[in-house]
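A.B. asks: Dropping a structure here in structure tokens format, bear with me for questions.
Please treat every number below as a calculation from the coordinates, not as lab data. Just so you know, these numbers come straight off a predicted model, no measurement behind them. Neighbour counts run over all protein chains shown; Cβ positions are idealised from the backbone, glycine included.
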Amino acid sequence: MLCQFSFQNFKSYKDETTFDFRAMAIPEFQDALIRQEKAEDLLPVSAVYGPNGGGKTNLLQAFFCLINLVVKPIHALEKNRQPMIFQQGSSVAPFMLDESSANEPTIFQVFFRVGEKEYQYYISLKEEIVFESLLWRTLGGKKTGLIFERDGQKIELGASINKASINLDVNPKMPYLSFLAINYNIPVIAEVQNWFESCITQSYANPRAENIVLVSKSETTKESLIHALNDVGIDLSGYRYDEDSKHLFTQRTINGKVYELPFEAESDGTKKMIAALPVLMVALQEGRTVVVDELDAKLHPKLLRYVIQMFKNPELNKKGAQLLFSSHDLTTMKNTVFRRDEIWFAAMNDNHESEIYSLYEFRQEDNTRVKSTAAFDKQYLEGRYGADPYLSNMLTGRDWA
């Protein structure tokens, strides 16, 4: 489970930026929170809003980049421990709009939980790895243990993996975490590796993404998918994947007869749901973290709301799966859908640097927080939250001539 993600000097983000999945002490949707003994409650869902060019995609790509840094070399050498599902890559790219950032390292840091442990992974890099560390602690514990620390090419091993057989000489461009995962069978490293590999990162800004369908041979999974599609008004009775032609066909039963259509003949929204739902269902079944750019693209608002509610339903989400996505859909930006700490905004400041903040953190003109009963979508359109000034200008009738 993802607790917190921080990064610095990445694309449109210059200063340290932190996205937090830890739940604030507010009363909304308490039953939907991910709870674990001796640990802070976590959010099951978060959405990022903001204008085009404000930094929504770059925020998610920072996470894509971190996952890709660790997993790509493992996957390239076929040393992954589990099948990976749709890991969208992104390259390291520093902030370019000042005189110093281009020559400074990009930094990523992530806190996540696996079982009864919380891990902290940190990596700083330019062309080569500048610094890297992996720490752990038991949930509720105050003492932090070192697994390894790397300062340039100098590597220190913690007590749990400190063995003479472990090589301290590694390619300066490869994360030491990846190196250990590839070359050794160390339980604590395997646990961390499994978490990185379990993350699902996807961008529907790429049109090809919605044409990639995860087809399960399990009849139970197939029935669950059809049931979910029927729930949102997509009247399919089944599907068939033809191994010879490598084509997917959707099925509808009319007056007792089954008719088939090629997947390509379906509407964009139906194709999107058929592509997205199997992945989201795997995440819910296995407790994975899902980060999706433009999840709402080509989706009817009721379909997006259905997806959100899947993750917020403790009967469906029993293993702590989490969903983070960017969106322009304001019909779901409501207090009947989200807590205030589940809504985030990304926007440019006057120095052309992206910044993020949650609706809960936002302070109004009288220095009070936005109320849980507020009309979030209406106030956002009025420009009260600061993330969409051009909409505010349009609504106030500003003359652009």
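A.B. asks: Quick one: pull the percentage of alpha-carbon pairs in the stretch 26-132 with a separation above 21 Å.
C.D. replies: Details: 3116 of 5671 pairs.
Value for the stretch 26-132: 55 percent of Cα pairs lie more than 21 Å apart.
A.B. asks: Along the stretch 321-336, what does the Karplus equation 6.51 cos²θ - 1.76 cosθ + 1.60 (θ = phi - 60°) give for ³J(HN,Hα), rounded to whole Hz, x for Gly and Pro?
C.D. replies: Once rounded to whole Hz, the list reads 5, 9, 10, 10, 8, 9, 7, 10, 7, 8, 5, 9, 7, 9, 6, 8.
A.B. asks: So what's the Cα pair-distance distribution over the stretch 97-174, bin width 10 Å, in %?
C.D. replies: Binned Cα distances yield the sequence 17, 41, 30, 11, 2.
A.B. asks: Name the residue farthest towards the positive end of the dipole of the stretch 1-43 from the options Cys3, Pro27, Leu43, assuming +1 on Cβ of Lys and Arg, -1 on Cβ of Asp and Glu, about the Cα centre.
C.D. replies: Projecting each Cα onto the dipole axis, the largest value belongs to Cys3.
A.B. asks: For the stretch 1-72 and the stretch 230-285, compute the distance between their C-alpha centroids and round to whole Å.
C.D. replies: 32
A.B. asks: Taking the Cα centre of the stretch 91-158 as origin, work out the dipole magnitude from +1 charges on Lys and Arg Cβ and -1 charges on Asp and Glu Cβ, in debye rounded to 20. Don't skip to the answer; put the middle values down first.
C.D. replies: Working: 8 positive and 11 negative charges, 111 e Å.
Using only the charged Cβ atoms, the result is roughly 540 debye.
A.B. asks: Which residues in the stretch 128-164 place their backbone N less than 14 Å from a point set 7 Å from the Cα of Lys38 along the Cα-to-Cβ direction?
C.D. replies: 137-145
A.B. asks: If the chain between Glu315 and Ser218 were fully stretched, how many nm would it gain, using 0.36 nm times the residue separation less the Cα-Cα distance? The partial results should precede the final answer.
C.D. replies: Values: separation 97, 0.36 × 97 = 34.92 nm, distance 2.12 nm.
Full extension of this stretch gives 32.8 nm more.
A.B. asks: Still on this structure, I have one more. Just going by the charge dipole of the chain, with Lys and Arg at +1 and Asp and Glu at -1 on Cβ, which of Phe311, Ser267, Tyr13 is farthest out on the positive end?
C.D. replies: Phe311
A.B. asks: On to the next question. Through the Karplus equation 6.51 cos²θ - 1.76 cosθ + 1.60, θ set to phi - 60°, convert the phi angles of the stretch 234-241 into ³J(HN,Hα) values in whole Hz; use x for Gly and Pro.
C.D. replies: Rounded to whole hertz, the list is 9, 8, 9, 9, x, 8, 9, 9.
A.B. asks: Stokes-Einstein D for the stretch 238-342 at 4 °C, 1.567 mPa s, Kirkwood Rh over Cα pairs, in µm²/s?
C.D. replies: Values: Rh = 15.6 Å.
Here the translational diffusion coefficient equals 83 µm²/s.
A.B. asks: Find which of Gly256, Leu280, Ser224 sits farthest along the positive direction of the dipole of the stretch 182-287, computed with +1 on the beta-carbon of Lys and Arg, -1 on that of Asp and Glu, about the Cα centre.
C.D. replies: Of the candidates, Gly256 comes out farthest on the positive side.
A.B. asks: A further question on this structure: Within 12 Å, Cβ to Cβ, of Gln8, how many net charges do the neighbouring residues add up to if Lys/Arg are +1 and Asp/Glu are -1? Don't skip to the answer; put the middle values down first.
C.D. replies: Working: positive: Lys11, Lys14; negative: Asp15, Glu16, Glu104, Glu353.
Its environment carries a net charge of -2.
A.B. asks: Relative to the compact-globule scaling 2.2 N^0.38 Å, provide the ratio for the alpha-carbon radius of gyration of the chain.
C.D. replies: Details: Rg = 22.4 Å, N = 401, 2.2 N^0.38 = 21.5 Å.
Dividing the Cα Rg of the chain by 2.2 N^0.38 Å gives 1.04.
A.B. asks: Next question, about the same structure. Starting from the Cα-Cα distance between Asn103 and Thr253, subtract it from 0.36 nm times their residue separation and give me the gain in nm to one decimal. Intermediate values should be presented prior to the final figure.
C.D. replies: Details: separation 150, 0.36 × 150 = 54.00 nm, distance 6.14 nm.
The Asn103-Thr253 span can extend by a further 47.9 nm.
A.B. asks: Using 0.36 nm per residue, how much length does the chain from Tyr241 to Lys154 gain when fully extended, once their Cα-Cα distance is taken away? Write out the running numbers ahead of the final one.
C.D. replies: Details: separation 87, 0.36 × 87 = 31.32 nm, distance 5.17 nm.
Here the answer is 26.1 nm.
A.B. asks: Something else now. Past 27 Å, Cα to Cα: identify those pairs from Lys14/Lys117; Lys222/Lys272; Lys79/Lys154, in the order given. Kindly include the intermediate steps, with their values, before the conclusion.
C.D. replies: Values: Lys14/Lys117 31 Å; Lys222/Lys272 17 Å; Lys79/Lys154 25 Å.
Flagged as over cut-off: Lys14/Lys117.
A.B. asks: Provide, as a two-decimal number, the C-alpha radius of gyration of the stretch 212-267 over 2.2 N^0.38 Å, N being how many residues it has.
C.D. replies: Numbers: Rg = 11.2 Å, N = 56, 2.2 N^0.38 = 10.2 Å.
Against the compact-globule rule of thumb, the ratio is 1.11.
A.B. asks: Packing-wise, with mean Cβ within 10 Å as the measure, how do 43-50, 256-263 rank, highest first? Show your work: numbers first, answer last.
C.D. replies: On the way: 43-50: 24.4, 256-263: 11.5.
Most protected by this proxy first, the peptides run 43-50, 256-263.
A.B. asks: Can you give me the pair-distance distribution of the stretch 116-233, C-alpha pairs, 10 Å bins, whole percents?
C.D. replies: Histogram of Cα-Cα distances, whole percents per bin: 11, 31, 24, 18, 15, 2, 0.
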